[in-house]
């Protein structure tokens with residue numbers, strides 16, 4: 001093989017098209033087949049590096065040649081991005097008018113406003129909605145968060161470079177390099193301390209875009225053999241990230257170096273592998289933006305219809321996405337963009353179309369989704385869904401957040417919980433878990449005899465266990481706090497409750513440690529029923545029989561049966577361990593049907609998949625207490641001693 005150097009800057013680069021194909025395939029694969037493509041979300045990080053590289057090329061070349069125009073730059077970005085985005089929003093407005101409840105339609109309108117304003121990342125961050133949230137697939141435009149981050153970068157970065165070129169022309173590369181280092185340091189800190197900010201907001205993502213900028217500002221020309229090695233290693237590192245990185249990773253932290261440095265190696269090599277030069281790969285790279293924009297609404301529609309339990313609907317949907325994206329690419333990305341750039345269609349016309357979309361979305365939002373001419377019973381169904389949302393977000397359950405360290409941090413900025421949460425005295429029951437433990441607390445307090453203290457430490461999103469590396473520092477501190485409280489109180493029973501993944505947190509080792517600390521009984525509640533969409537929405541979409549219908553066992557495509565596998569894994573793991581495992585799956589599901597509503601119409605689980613007050617009472621009374629009651633401390637505990645709880649903890653009379 002010749003050692004002739006490969007030019008680092010070419011007009012068309014097949015390696016970039018291939019990287020786009022890999023990135024969009026990773027993202028779509030991770031969304032449609034999360035079990036098989038666990039780290040598909042790293043494709044977005046590849047896109048960020050590519051965007052930084054390409055935008056820097058455009059801006060710096062224009063500045064160096066004295067022909068850079070902010071107006072033209074923004075116009076080119078808008079004509080590249082807006083037509084497809086607008087088409088997606090208009091399509092969803094039409095679809096929503098046909099199938100969505102009024103409150104859902106209003107929520108969609110809010111999403112459209114945020115997306116067309118390129119602030120949807122702020123919307124989803126503020127409302128704590130992410131790809132791994134229980135009800136992520138109720139958000140039709142969730143994927144536009146990355147588009148918002150890129151657009152914010154497009155707005156600010158040329159202004160930044162203009163300032164650097166004018167004020168520090170001799171040190172311009174060093175200034176960008178220093179900004180990259182500062183951004184990377186901020187990302188590392190935020191990924192640990194505030195993962196929500198790190199994932200969604202530009203400050204924590206800026207370093208990835210600036211890494212792409214540095215690749216252009218610090219060009220390298222590699223010998224062919226070195227370039228070949230770099231491209232093989234780079235692609236291998238990217239694929240390793242896609243396959244190996246898990247959703248629980250602190251992101252974008254150190255692990256984000258895998259896809260970003262892999263992209264760096266490929267861009268510097270500028271030598272696409274023969275396998276990636278084929279028409280299919282290059283074609284996917286060409287339509288990657290349209291594919292990305294249409295895939296999430298298509299997947300959300302699958303979840304809306306409850307068609308995600310088998311692979312076939314996903315395969316059919318993916319097959320349909322290809323011609324749709326090809327048409328979108330040629331009609332919206334190419335022809336319409338060309339017409340705009342040639343002034344056949346003026347930018348003002350595009351702006352007017354966007355403004356019209358915004359006005360329609362505002363109108364829908366102002367009407368709370370109650371658009372005239374829609375089905376009459378939608379309002380009744382909507383009240384049912386909104387009621388079950390208010391069950392969680394309203395004042396009825398604020399008391400079970402009192403002893404939640406995560407909620408205290410979110411609400412007050414500190415993690416301290418009231419001393420009454422662990423007031424003792426010793427020898428009682430200690431409830432430890434995530435927000436699902438907090439949701440069960442009122443019913444536990446009502447059914448455990450009042451003579452027995454019920455202390456608790458909960459933290460939303462934090463699973464009890466002995467993880468070597470907790471998911472967040474807050475979770476690590478919550479575990480340490482709970483263990484310290486248990487050591488001080490020496491409860492007779494420790495009840496561990498968490499929504500899922502009980503088999504992944506070293507519970508046998510935790511059980512042994514608790515016994516060494518003097519705990520007589522360790523009780524573990526198995527995973528809750530999991531859903532890919534909010535249970536009330538599944539009811540009104542496919543099983544509507546009226547608000548006052550009796551108990552309802554349903555088989556539905558939005559039931560995520562992974563909880564049954566986790567329940568079985570927990571039982572296997574705890575076999576032979578001195579602990580009591582209580583299965584919710586065995587009690588709440590029969591075959592392919594699960595209990596969703598109780599007598600009188602109350603839901604077992606509400607909008608965020610936590611148990612309702614009625615559901616918690618049912619779970620505790622019929623599932624937990626029959627196994628827990630024989631394990632409670634003997635009645636010789638001094639009945640005159642009462643645990644001290646703030647008034648908000650009073651849930652009603654407790655049987656004695």
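Confirm whether residue 231 is loosely packed, with under 15 Cβ neighbours inside 10 Å and either assigned to a loop (DSSP other than H, G, I, E, B) or touching a helix residue (DSSP H, G or I) at 6+ places or on another chain (Cβ under 8 Å) (or both). Let's see the steps before the verdict.
Working: loosely packed, with under 15 Cβ neighbours inside 10 Å: no; either assigned to a loop (DSSP other than H, G, I, E, B) or touching a helix residue (DSSP H, G or I) at 6+ places or on another chain (Cβ under 8 Å) (or both): yes.
No, not satisfied.
One residue stands out in the range 251-261 among those that are crowded, with 21+ Cβ neighbours inside 10 Å and under 18 Å from the mean Cα position of the chain (by Cα): the one that is modelled with the lowest pLDDT, namely 251.
Once the range 423-457 is narrowed to residues that are more than 22 Å from residue 629 (Cβ to Cβ) and in contact with a helix residue (DSSP H, G or I) (Cβ under 8 Å, 6 or more places away or on another chain), the residue that is surrounded by the most Cβ atoms within 10 Å (Cβ to Cβ) is 457. Among the residues of the range 181-201, just one is within 14 Å of the chain's Cα centre (by Cα) and farther than 20 Å from residue 475 by Cβ, namely 201.
Pick from the range 463-482 the residues that are free of Cβ contacts under 8 Å to residues at least 24 places away in the same chain and touching a helix residue (DSSP H, G or I) at 6+ places or on another chain (Cβ under 9 Å): which of them is surrounded by the fewest Cβ atoms within 10 Å (Cβ to Cβ)? Walk me through how you get there before you give the answer.
We begin by selecting, within the range 463-482, every residue free of Cβ contacts under 8 Å to residues at least 24 places away in the same chain; these are 468-470, 475-476, 479-480.
Keeping just the survivors that are touching a helix residue (DSSP H, G or I) at 6+ places or on another chain (Cβ under 9 Å) gives 469-470, 475.
Working: 469: 8, 470: 18, 475: 22.
Here the answer is 469.
So that you can scan it fast, the table gives a plain yes or no per residue for (1) assigned by TED's automatic domain parsing to the domain that holds residue 409; (2) within 22 Å of residue 30 (Cα to Cα); (3) not in a helix (DSSP H, G or I):
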site	(1), (2), (3)
198	no, yes, no
216	no, no, no
219	no, no, yes
239	no, yes, no
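What do you reckon, is residue 382 assigned by TED's automatic domain parsing to the domain that holds residue 430, at pLDDT 75 or above and more than 25 Å from residue 287 (Cα to Cα)? Quick ask: steps written out before the conclusion?
Working: assigned by TED's automatic domain parsing to the domain that holds residue 430: no; at pLDDT 75 or above: yes; more than 25 Å from residue 287 (Cα to Cα): yes.
In short, no.
Note on the range 15-34: residues that are in contact with a helix residue (DSSP H, G or I) (Cβ under 8 Å, 6 or more places away or on another chain) and outside any helix (DSSP H, G or I) total 1. Hey, any hits in the range 291-308 for a residue that's more than 19 Å from the chain's Cα centre (by Cα) and within 29 Å of residue 187 (Cβ to Cβ)? Checking the range 291-308: at least one residue is more than 19 Å from the chain's Cα centre (by Cα) and within 29 Å of residue 187 (Cβ to Cβ).
Just to be sure I understand, how many residues within the range 555-582 are assigned to a loop (DSSP other than H, G, I, E, B) and under 15 Å from residue 538 (Cβ atoms)?
Step one: filter the range 555-582 for residues assigned to a loop (DSSP other than H, G, I, E, B), giving 555-558, 561, 575-579.
With under 15 Å from residue 538 (Cβ atoms) added as a condition, the list becomes 555-558, 561.
Total satisfying the criteria: 5.
Residue 54 fulfils the conditions (1) within 24 Å of residue 319 (Cβ to Cβ); (2) out of contact with any helix residue (DSSP H, G or I) (no Cβ under 7 Å at 6 or more places or on another chain) except for a single criterion, (1).
Every listed requirement among (1) touching a residue at least 60 places away in the same chain (Cβ under 8 Å); (2) more than 30 Å from residue 162 (Cα to Cα); (3) surrounded by fewer than 17 Cβ atoms within 10 Å (Cβ to Cβ) is met by residue 31 save one, (3).
The values are calculated or read from the model by the stated rules, or taken from the named source; none is laboratory data. Keep in mind the model is a prediction, meaning the values are calculated, not measured. Using ideal geometry, Cβ is built from the backbone for each residue, glycine included, and neighbour counts are taken over all protein chains shown.
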